[in-house]
Amino acid sequence: MLQILSFKGSINFLRHALPISIMSVVLVVASLTSLATKGINWGLDFTGGTSVIMEFSKPANLDELRLALDTELTSGAVVQNFGSSRDVVVRLQVREDIKSDLQVKEVFAAAAKQDPAVQQKSVEFVGPQVGKELAEQGGLAVLVALICILIYVSFRFEWRLAMGSVAALAHDVIVTLGLFSFLQLEFDLTVLAGLLTVVGYSLNDTIVVFDRIRENFLKMRKATPVEVVNTSITQTMSRTIITTGTTLITVVALFLKGGTLIHGFATALLMGILVGTYSSIYVASFLAIKLGINREHMMPVEVEKEGADQHSIMP
């Protein structure tokens, strides 16, 4: 009786699995299409360029500085606060026809007109070749992370669950990249760090659900796979809500008040957490059911002992 109540009282999450899975397929296809047609708006970390950091004696007027830098030498400059309202970073893309030293002088002259007491704290230059290597290494880092995760979940779970977990991870990464491609948001090293964080967060959420699914398959002997999955998701939902909710509070605070330098990082985390939460249910678990997961697949392999087929004869 208790066993029946354990899954009869669960929420039927998989009732909406088919339409949400179709939506996920549409999002993945749209993301891949955007990546193929529009590409990614690579930041200076990957394309190369010059970064000038200055300290003003008073809060800087960024709009005025952007207007002053809209010249032939410094057109397309990215002006952002760096830590505080008095610290400003100006990023300039590499131009073959203009030397970076001339661009730096132009930037400092424009800043000095706004605040004569402005100080130049540092100048960093990233060459195009270095930026290209960073882009290749960043893509390799994501690929290696996914391969290592595939190996890990393959050993920890039955292969049907492992396939669902990897599919959910790939789904989260592609959709997050698709958002940056569609909106042409700048993709720099902080966004790459956010993307790798999303991979770890989504994997953790999926493993918690899958651990409970494995346990319930052994406990709920008369339940169908759909009932086991629904019960497992219901039992872990409170943990998911608390974890996701507290994480979102921090991420939203970073998104709204963290400043422009980590805006891309917060955007990647915000999108990844939202997509990763539902993919653990409607991509990973639903795919495992479609692959035919059942109780027999969760049973430990019995090792036949030597002489087990021989029965002792009582005298």
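The values are calculated or read from the model by the stated rules, or taken from the named source; none is laboratory data. Bear in mind that the values here come from a model prediction, so they are computed numbers and not experimental data. Counting neighbours? That spans all protein chains shown, and the Cβs are built from the backbone with ideal geometry, glycine included. Areas reflect the complete protein model, heavy atoms only, side chains present, ligands, DNA and RNA absent. Shrake-Rupley method; radii C 1.70, N 1.55, O 1.52, S 1.80 Å.
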Practice prompt. Give me the Kirkwood hydrodynamic radius of the stretch 52-124, using the inverse of the mean 1/r over all pairs of distinct Cα atoms, in Å to one decimal.
Written response: 12.0
Worksheet item: If one takes the longest principal axis of the Cα atoms in the chain, at what angle in degrees, from 0 to 90 and to the nearest 10, does the Cα axis of helix 128-156 lie?
Response: 10
Worksheet item: Relative to the first principal axis of the alpha-carbon coordinates of the chain, what is the inclination of helix 225-257, with its axis defined by its Cα atoms, in degrees from 0 to 90 and to the nearest 10?
Response: 20
Worksheet item: Given (1) 0.98; (2) 1.11; (3) 1.16, which label gives Rg/Rh (Cα atoms, Kirkwood Rh) as computed from the coordinates?
Response: (3)
Item to complete: Might you work out the accessible area of THR37 for me, using a 1.4 Å probe with all protein chains in place, and round it to the nearest 10 Å²?
Response: 110
Worksheet item: Taking the Cα atoms of the stretch 140-186 alone, what are Rg (to one decimal) and Dmax (as a whole number) in Å?
Response: 12.9, 39
Practice prompt. Starting from the Cα of SER154, move 7 Å in the Cα-to-Cβ direction to define the label point; list residues of the stretch 202-216 whose amide nitrogen is under 16 Å from there.
Written response: none
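Report the far tail of the P(r) of the stretch 119-268, meaning the percent of Cα-Cα pairs longer than 26 Å. Please report the intermediate quantities before stating the final value.
Numbers: 4546 of 11175 pairs.
Looking at the stretch 119-268, the distances longer than 26 Å represent 41 percent of pairs.
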Fill in: Distance between modelled label sites at LEU189 and THR247, nm, 7 Å Cα→Cβ extension
2.5
Response to the item:
Placing each pseudo-label 7 Å from Cα in the direction of the beta carbon, GLU64 and GLU124 end up separated by a distance in nanometres of 2.8
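Grab the eigenvalues of the alpha-carbon gyration tensor for the stretch 78-206, scale each by 5, take roots, and send me the semi-axes largest first in whole angstrom.
On the way: eigenvalues 351, 50, 28 Å².
Rounded to whole Å, the semi-axes are 42, 16, 12.
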Discussion item. Heavy atoms of the protein only, probe of 1.4 Å, neighbouring chains included. What is the accessible area of ILE242 in Å², nearest 10?
Written reply: 110
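Provide the net charge surrounding LEU134, with neighbours chosen by a C-beta distance below 12 Å and charges set as Lys +1, Arg +1, Asp -1, Glu -1. Could you put the intermediate results ahead of the total?
On the way: positive: LYS132; negative: ASP45, GLU133, GLU136, ASP188.
Here the count lands on -3.
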Worksheet entry | Protein-only accessible surface order, largest first, of THR250, THR236 at 1.4 Å | THR250, THR236
Discussion item. For the full complex of protein chains and a 1.4 angstrom probe, list MET220, MET237, MET163 by accessible area with the highest value first.
Written reply: MET163, MET237, MET220
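Just the ratio, please: alpha-carbon radius of gyration of the stretch 234-286 over 2.2 N^0.38 Å, N its number of residues.
Values: Rg = 12.7 Å, N = 53, 2.2 N^0.38 = 9.9 Å.
Cα Rg divided by the expected 2.2 N^0.38 Å: 1.28.
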Practice prompt. Measure nothing fancy, just the Cα-based angle from helix 17-37's long axis to the longest principal axis of the chain, in degrees from 0 to 90, nearest 10.
Written response: 30
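Under 16 Å between C-alpha atoms is the cut-off here; go through the chain and count lysine pairs that meet it, provided they're at least eight residues apart or on different chains.
Numbers: LYS8/LYS219; LYS8/LYS222; LYS58/LYS113; LYS58/LYS121; LYS105/LYS113; LYS105/LYS121.
Counting lysine pairs in the chain gives 6.
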Worksheet entry | Assigned charges on the beta-carbon of Lys, Arg, Asp, Glu; the stretch 70-163 dipole about Cα centre (debye) | 340
Worksheet item: Please report, for the Cα atoms of the stretch 49-94, the Rg to one decimal and the Dmax as a whole number; what are they, in angstrom?
Response: 10.2, 30
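Hey, can you find the accessible area per residue of the stretch 157-251 for me, probe 1.4 Å, expressed in square angstrom?
Details: 3740 Å² over 95 residues.
Per-residue accessible area for the stretch 157-251 comes out at 39 Å².
Accessible area, 1.4 Å probe, largest first: how do LEU269, LEU287 sort? Walk me through the numbers before you get to the answer.
Working: LEU269 20, LEU287 55 Å².
Sorted descending by solvent-accessible area, the residues read LEU287, LEU269.
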